[in-house]
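Here the structure is laid out as structure tokens; the discussion comes afterwards.
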Amino acid sequence: MIVSCRIDSLVGLIGKKLAIKELEDILFLLKAEVERVEGNEIEIEINPDRQDMLSAEGIARAIKAFLGIQKGLPSFPVKKSGKKVIVEKGLAKIRKFISCAIVKGVEINEELLVDYMHLQEALTATHGRNRRKASIGLYVHDDIKYPVRYYPETPSKIVFAPLGYDEEMDGPSILKSHEKGIEFGSIISSFKKWPALADSAGQFLSLPPIINSNDLGRLTTETKNVFVEVTGTHLPTVNQALNIMVTSLGERGGAIESVTIQYPDGSLMETPDLKPLVMKVSRKDIIALTGLELTDEEIIESLTKMCYNARMSSKGILTIQVPQYRTDILHPVDIIEDVAVGYGFDRIEPTLPATMTVGRLQPLTRLKNRVRDLLVGMKYQEIMSYILSSPEMMQVNANRRDALVKTGNPKSSDYSVLRNALLPILLDFIAQNQHVDLPQKVFEVGDIVVPSETAETRINQIPSVSGLTTDVSVNLTDLMNEIGFLLRGMGLDGRFKFVPSDNPTFINGRSAVITIDDEPCGLFGEINPEVLENFAIGNPAVGFEIHLPRDGQW
Amino acid sequence: MNEQHLTAGERKVLKALVEVDGTVPAEAIAENLGERTDRIVSILNALAERNLIRLDVRESVSYRLTDEGKQYAMNWLPEVRLFAAVKELGNNISVDQAVEKASLNNKEKGIAINWAKRNGWLGITKVEGKTVLEAKMDEADSPVMRVLKKLNEGNDTVPQHLDEGLEVSISRNLVERVVTKKFEAQVIEDRKDTIDTLLTSTTEGIVNLTPEMIASGSWRGAPFRPFNVTIDPPYVNYGKKHPYAEFNDWLKEILVGLGFTEWFGPYVETEFWNNDTLFVPQDHVAREVQDQFRVVSPYDHGDILNTRYYKAVKAVHENGGDTGSTGWQAPFSKEVAQRLVLRSHTTPVSMRYLSEHQEPPQKMFIIDRNFRAENLSARHAMEFNQCEGIIMDKGLTLRDLMGYLAEIVRSVGIKKMKFKPGQFPFTEPSVECFAKHDVLGWIEVAPGGIFRPEVTHPHGIKDTVLAWGIGSGRLYMASMGINDIRELYSRDLAWLRRKYFLR
């Protein structure tokens, strides 16, 4: 995801003057890439694992630690506000969870307001899975009469002026005509009742996850204290989003206060919980996975440069405090990677172990290569085509009815099925090259796909080879000689037969099935003029297709 | 070269010239020898270059009718026909009536009205709302018509007084100008001796060496007629491999050389193999229809064959199983796992390989096709080749991974590289190798990583598995000077016949 920052603002947060080149090099080592610099604007690509770096504040925090300006676990003290959010019954299936916080004394101006909105949008788009899993709302704390109620409400009774509008609208009209309603309405539209957030004076804060109220949910440069709420369907995701949002505001001088959430079963939860996650990793594992012979001091130094606090026990076990805004620490290996990142990828010397193995090609690749060599010897030009094709080409134009494997979300009908033969693809190819010098001899070696009810993934993927010759006059005898040369070249002398067979792709009486040990495995013939017409080919053509054994052995 | 020799053609032409005194037109020589004039001209040029003859070129201009001009020469010009119709029907006749009388088609109608007006033959006025025509002269004199007639009678020029009509005829595309070059040759007196020597020295010679000559030895002492061996051979079309296939062959050769074994997996996969076994959460955006092709017909769900493995993967997703991971802390759906998709990467093939090869050491690679729900454009394609592999051994490390990446990248000809920490759902740590490319600058060429325990433990594998990939399509495009991704699978036969991949 691309994060756009103002350079002066970013440098101000870091607290050290850095040239663009330095900034670029540091970000590169922190997994991020500078995409574009223009004037005071810098666009930085952030990997999806670092949701906490989706804002200038988060990026600056990571850089500050990495440069040693402010190492170790950042401290975000949380004071209890005593305010309460009451979750009412009936939301379990709709949008079960809510976590909230109050941030007081946040630095605010026109530009920062835009930044906070960007972070909110970016977080809900990626981490919140386009608001389905989690969505964030910011409100003017001082205007809210606590406790706040989070409850299911009949859509028509949710009435407020949505953000950016002066007039009141009800829930159904918001979904129908507000841009956010149109974009995200499908998340709640199938439910009878929709989630609503209102204060004890009956004023609506928002219709999560769609839109805030224009009164309580519109921050201005006058706003001093902010109420943050995150609703969603997955509690860890909801809490992580809240943690990232409030710690970013915390970087802007905000004092974080917690809110008590009361769930319908009476359980209470105090959010946000910014106490660090504690993980244990052994020195041995770090050295074994990275291959870096680091001293304890170096390990701890590397970790503090990545915003962790770490302590080494006498038995070589590190106790590590992980900041609560990190969403990507699932396993000790995630911390081990950060040891390497903190140490610096530019300082790591690659090694090449002697893992002794003997390499080889698939037997099928060797067979395919043999087939290609034989065909090139017969003056065929190799072509390569897409696997995706169209029913029109495969069936209608080629006069074939063999079943096709189809995709349900093609981008165009031209690429909506998997090819089940190569010959129609070659016909299409020569149709597109009518103006090119004759004779034309082309071939392709590649896999085709046919449905198979009993197979694990319901398909049979068959390696195949097909060749096609077109000229002002063509000759079936020459083609048969070529097929004989090809089959004998694969060691099949005496094992193959041509059995006359009618096939609508070819002219009646001028086609045959190729059998190997009496098993049909291919066909050839002179192309039916009807098929030539379908493909808009102006010259006669002869062609063949032979299926190859997957294991490369006949 | 070959100062003392003449080719058979040169000899014939030169002989013909020597026999005649004075200047001879090329056509006359051609006729005399029964050859095409262009061939004679090319031989004369060669002789002139050797300073044996003088070759003079004269240009002559002639004119001939185009198809349209021929038609009008016979049926009269549209404007002449229109004027005649008006004359016959009387003034103030409506346009439509006059056109019908003159039997002009739509195209001719426009031409006729335009030129009749420009020549001042007809006037167009409105009478009672109708457009009518009126003859402005008694007779229409058309120099163009006279030019057409002249040329149609077999002349290739016209008298000078018709020059203006000729210009108009040419501008109207009724007549075309033909420039013919006339070549006249003459032997250079001073070179007569040399020519004599040349003509007598090897008057005859062996053209084709036959088995009989070899058997009898009759070729001994006999001269061989020289051939022109300096000719630039024309482009011809023999059989050839596809340059992209040749590139992939080259990569395979390198990887086999590094000890990797090639492997295979199907284009249609269950989401289980495509995503779940790789620890991609079930609600990940890359699994949505915007990114991944779903297979819906004739079947939309497949089987998961190994129940024990399935349970281990499910546990890893839900709570980390026995890996020490937190997992995704969300329920795992078997329905989603069984859903069929077109594989979006080759990594499920690595997973299938690991399910069958759990004892170190192992090295495997695959180069094959994958599918992403993209619209086809210059920068994106719904199909792409991927080249990737794994290395499993005891005690492998991040440094070893970087060593392998560097080795693979070096073996495809890249000298300068740097490493950046990377991120992939199924590896940790992850690396991206950037290469300095001559043309493209720093590009990301080789992603890699160490498979997460959530990925290897369900297989029962506790050894380190390094995974690497290489952006082969991009390297190929750069080496072939291709900018449009659609040209990877070019449908242009002429291009394919011309192009080679050179290692």
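Laboratory data are not the source of any read-out in this text; all were calculated from the coordinates shown. Treat the numbers as computed from the prediction; the structure is a model and nothing was measured. Cβ: placed from backbone, ideal geometry, glycine included. Neighbour counts: every protein chain shown.
Could you give me the ³J(HN,Hα) list for the range A:487-504, computed from phi with Karplus coefficients 6.51, -1.76, 1.60 and θ = phi - 60°, whole Hz, x at Gly and Pro?
These are the phi-based 3J(HN,Hα) values: 5, 5, x, 9, x, 9, 4, x, 9, 10, 9, 9, 10, x, 7, 8, 8, x Hz.
Neighbouring Cβ atoms within 10 Å as the yardstick, rank B:Asp291, A:Asp517 fewest first.
Details: B:Asp291 14, A:Asp517 10.
In increasing order of surrounding Cβ atoms, one gets A:Asp517, B:Asp291.
Give the residue list of trypsin sites (Lys or Arg not before Pro) in the range B:347-398 that are DSSP loop and have at most 13 other beta-carbon atoms within 10 angstrom.
Numbers: sites: B:Arg352, B:Lys363, B:Arg369, B:Arg372, B:Arg379, B:Lys394; in loops: B:Arg372, B:Arg379, B:Lys394.
Filter output for the range B:347-398: B:Arg379, B:Lys394.
Which listed residue (B:Asn483, B:Gly302, B:Phe424) has the Cα farthest towards the positive end of the charge dipole for the range B:246-498, taking +1 on Lys and Arg C-beta and -1 on Asp and Glu C-beta about the Cα centre?
B:Asn483
Could you pull the Cα extents of chain B along its three principal axes, largest to smallest, in whole Å?
So the three principal-axis extents are 107, 98, 43 Å.
Let me know the charge dipole size of the range A:2-66 about its Cα centre in debye, to the nearest 20, where only the beta-carbon of Lys, Arg (+1) and Asp, Glu (-1) is charged.
Values: 9 positive and 13 negative charges, 67 e Å.
Using Cβ point charges on Lys, Arg, Asp and Glu, the range A:2-66 gives about 320 debye.
Any idea what the relative contact order of the range B:67-177 is, in percent, if you count C-alpha pairs under 8 Å spaced at least 6 apart? Walk me through the numbers on the way to the answer.
Working: 129 pairs, mean separation 32.5, N = 111.
Rounded, it is 29 percent for the range B:67-177.
Quick one: dipole size for the range A:279-345, taken about the Cα centre, charges +1 on Lys/Arg Cβ and -1 on Asp/Glu Cβ, in debye to the nearest 20. Let's see the in-between values first.
Details: 7 positive and 10 negative charges, 57 e Å.
Computed charge dipole of the range A:279-345: roughly 280 debye.
Using a/c under 1.5 as the rounded threshold, could you call the range B:369-490 rounded, prolate or oblate? The axes a ≥ b ≥ c are square roots of the C-alpha gyration tensor eigenvalues, and prolate needs a/b larger than b/c, oblate otherwise.
Judged from the Cα gyration tensor, the range B:369-490 comes out oblate (a/c at least 1.5, b/c at or above a/b).
Compute the helix-to-body angle for A:363-377: its Cα long axis versus the longest principal axis of chain A, expressed 0 to 90° and rounded to tens.
Relative to chain A, helix A:363-377 is tipped by roughly 50 degrees.
Below 8 Å, C-alpha to C-alpha, sequence gap of six or more: please give me the relative contact order for the range A:363-547 in percent. Each step should come with its number before you reach the end.
Values: 351 pairs, mean separation 39.1, N = 185.
About 21 percent, as a whole number.
Report the Rg/Rh value for the protein assembly as shown, based on alpha-carbon coordinates and the Kirkwood definition of Rh.
Numbers: Rg = 40.6 Å, Rh = 36.3 Å.
With Rh from the inverse mean 1/r over Cα pairs, Rg/Rh is 1.12.
P(r) for chain A, please, calculated from all Cα pair distances in 10 Å bins and given in %.
3, 14, 17, 13, 13, 15, 14, 8, 2, 0
Using only C-alpha positions, report the orientation-averaged shadow area of the convex hull of the range A:221-310, nm², one decimal.
With the hull built on Cα positions only, its mean projection is 9.1 nm².
Mind running the shape call on the range B:246-498? Use the C-alpha gyration tensor, a ≥ b ≥ c as the square roots of the eigenvalues: rounded below 1.5 for a/c, prolate if a/b tops b/c, oblate otherwise.
Details: a/c = 1.91, a/b = 1.30, b/c = 1.47.
Taking the square roots of the gyration eigenvalues as a ≥ b ≥ c, the range B:246-498 is oblate.
What residues qualify as long-range amide H neighbours of B:Val295, i.e. H under 5 Å apart, gap of 5 or more or another chain, H built at 1.01 Å from N?
Close amide H contacts, sequence-distant or interchain: A:Gly408, B:Leu340, B:Val341, B:Leu342.
Using only alpha-carbon positions, what ratio does the radius of gyration of the range A:78-271 give when scaled by 2.2 N^0.38 Å?
For the range A:78-271, the normalised Cα radius of gyration is 0.93.
Could you work out the relative contact order of the range A:78-271, using alpha carbon pairs under 8 angstrom and six or more residues apart, expressed as a whole percent?
Details: 432 pairs, mean separation 80.5, N = 194.
It comes to 42 percent, rounded to a whole number.
When DSSP beta bridges are limited to those with both residues in chain B, what percentage is antiparallel, rounded to the nearest 5?
Working: 63 of 66 bridges.
For chain B, the DSSP antiparallel bridge percentage is about 95.
Among the lysines, which have Cα under 21 Å from the Cα of B:Lys462 when same-chain residues fewer than 8 positions away are ignored?
The qualifying lysines are A:Lys280, A:Lys284, B:Lys311, B:Lys314, B:Lys363, B:Lys394.
Report, to the nearest 10°, how far helix B:192-201 tilts away from the longest principal axis of the Cα atoms in chain B, using its own Cα long axis and a range of 0 to 90°.
With rounding to tens, the tilt is 60 degrees.
Enter the angle in degrees (range 0 to 90, nearest 10) between the Cα long axis of helix A:110-125 and the first principal axis of the Cα atoms of chain A, meaning the one along which they spread out most.
Approximately 50 degrees, to the nearest 10.
Using only Cα positions of the range A:363-547, each an equal point scatterer, no hydration layer, compute I(q)/I(0) via Debye at q = 0.15, 0.16, 0.18 Å⁻¹ and quote the log10 values to two decimals.
The calculated log intensity ratios at q = 0.15, 0.16, 0.18 Å⁻¹ are -0.88, -1.01, -1.30.
Please list log₁₀ I(q)/I(0) at q = 0.26, 0.28 Å⁻¹ for the range B:1-67, using the Debye equation with identical point scatterers on the alpha-carbon positions.
Values, matching the q order: -1.27, -1.43.
Indicate the gyration tensor shape class of the range A:2-66 (rounded, prolate or oblate), computed on the Cα atoms with a ≥ b ≥ c the square roots of the eigenvalues: a/c under 1.5 is rounded; otherwise a/b larger than b/c is prolate and the rest oblate.
Numbers: a/c = 1.35, a/b = 1.16, b/c = 1.16.
Rounded, because the longest to shortest axis ratio a/c is under 1.5.
To make sure I understand the rule: partners must be lysines, Cα under 22 Å from the Cα of A:Lys379, and not fewer than 8 residues away in the same chain. Which ones qualify?
A:Lys368, A:Lys441, B:Lys240, B:Lys241, B:Lys499
How many percent of DSSP beta bridges within the range B:246-498 run antiparallel, rounded to 5? Mind dumping the intermediate values first?
Numbers: 40 of 42 bridges.
Counting DSSP beta bridges with both partners in the range B:246-498, the antiparallel share is about 95 percent.
Residue-wise, which Karplus ³J(HN,Hα) couplings in Hz belong to the range A:258-263, taking 6.51 cos²θ - 1.76 cosθ + 1.60, θ = phi - 60°, and x for glycine or proline?
Computed from phi, the couplings for the range A:258-263 are 8, 10, 8, 9, 10, 7 Hz.
In debye, nearest 20: dipole of the range B:158-264 around its Cα centre with unit charges on the Cβ of K, R (+) and D, E (-)?
Details: 11 positive and 16 negative charges, 55 e Å.
So the dipole magnitude of the range B:158-264 works out to roughly 260 debye.
For the range B:277-347 and the range A:386-436, write down the distance between their C-alpha centroids in whole Å.
30 Å
Quick one: pull the percentage of alpha-carbon pairs in the range B:217-257 with a separation above 14 Å. Walk me through the numbers before you get to the answer.
Working: 600 of 820 pairs.
Tail of P(r) above 14 Å: 73 percent of Cα pairs.
In terms of Cα to Cα distance under 26 Å, which lysines are near enough to B:Lys117, apart from those fewer than 8 places away along the same chain?
In chain and number order, the partners are B:Lys70, B:Lys87, B:Lys101, B:Lys107, B:Lys109, B:Lys126, B:Lys130, B:Lys136, B:Lys149, B:Lys150.
To one decimal place, what Kirkwood hydrodynamic radius in Å is obtained for the range B:365-412 from all pairs of distinct Cα atoms? Can you show the working numbers first?
On the way: mean 1/r = 0.0756 Å⁻¹.
Kirkwood radius, the range B:365-412: 13.2 Å.
What is the spread of the Cα atoms of the range B:209-305 along each of their three principal axes, largest first, in whole Å?
88, 32, 27
Arrange B:Trp219, B:Trp468 by Cβ neighbour counts within 10 Å, fewest through most, would you? Walk me through the numbers before you get to the answer.
Values: B:Trp219 14, B:Trp468 25.
Going from least to most buried by this count: B:Trp219, B:Trp468.
What Kirkwood hydrodynamic radius do you get for the range B:67-177 when you take the inverse of the mean 1/r over all pairs of distinct Cα atoms, in Å? Mind dumping the intermediate values first?
Values: mean 1/r = 0.0693 Å⁻¹.
The Cα-based Kirkwood calculation yields 14.4 Å.
For the range B:38-84, state what percent of all Cα-Cα pairs lands in each successive 10 Å bin, counting from 0 Å until the bin that includes the largest distance.
Answer for the range B:38-84: a P(r) of 20, 24, 14, 14, 16, 10, 1 percent.
Scaled to the compact-protein estimate 2.2 N^0.38 Å, what is the alpha-carbon radius of gyration of the range A:156-218, rounded to two decimal places? Intermediate results must be reported in sequence, preceding the final value.
Working: Rg = 10.5 Å, N = 63, 2.2 N^0.38 = 10.6 Å.
Against the empirical 2.2 N^0.38 Å value, I get 0.99 for the range A:156-218.
I need the trypsin sites (Lys or Arg not before Pro) found in the range A:162-192, filtered to DSSP loop residues with at most 13 other beta carbons within 10 Å of theirs. Before the final figure, lay out each step's value.
Working: sites: A:Lys176, A:Lys180, A:Lys192; in loops: A:Lys192.
Answer by residue number: A:Lys192.
Charges on Cβ only, +1 for Lys and Arg, -1 for Asp and Glu, centred on the Cα centroid of the range A:286-431; of A:Ala288, A:Thr407, A:Leu427, which one is farthest towards the dipole's positive end?
Value: A:Leu427.
Once Rh for the range A:454-554 is found with the Kirkwood sum over Cα pairs, what is the Stokes-Einstein diffusion coefficient at 10 °C and 1.306 mPa s, in µm²/s? Before the final figure, lay out the partial values.
Numbers: Rh = 14.6 Å.
After rounding, the answer is 109 µm²/s.
Compute the Rg/Rh shape ratio of the range A:279-345: radius of gyration over Kirkwood radius, all on alpha-carbon atoms. Don't skip to the end; give the middle numbers.
Values: Rg = 10.6 Å, Rh = 11.6 Å.
Computed over Cα atoms, the ratio is 0.91.
Got a sec? How would A:Ser416, A:Ser156, A:Ser258 order by Cβ neighbour count within 10 Å, fewest to most? Write out the running numbers ahead of the final one.
Values: A:Ser416 19, A:Ser156 11, A:Ser258 22.
So the residues, fewest neighbours to most, are A:Ser156, A:Ser416, A:Ser258.
Along the charge dipole of chain B, pointing to its positive end and built from +1/-1 on Cβ of Lys, Arg, Asp and Glu, which listed residue (B:Pro331, B:Ala185, B:Val236) has its Cα farthest out?
Going by the Cα projections, it comes out as B:Pro331.
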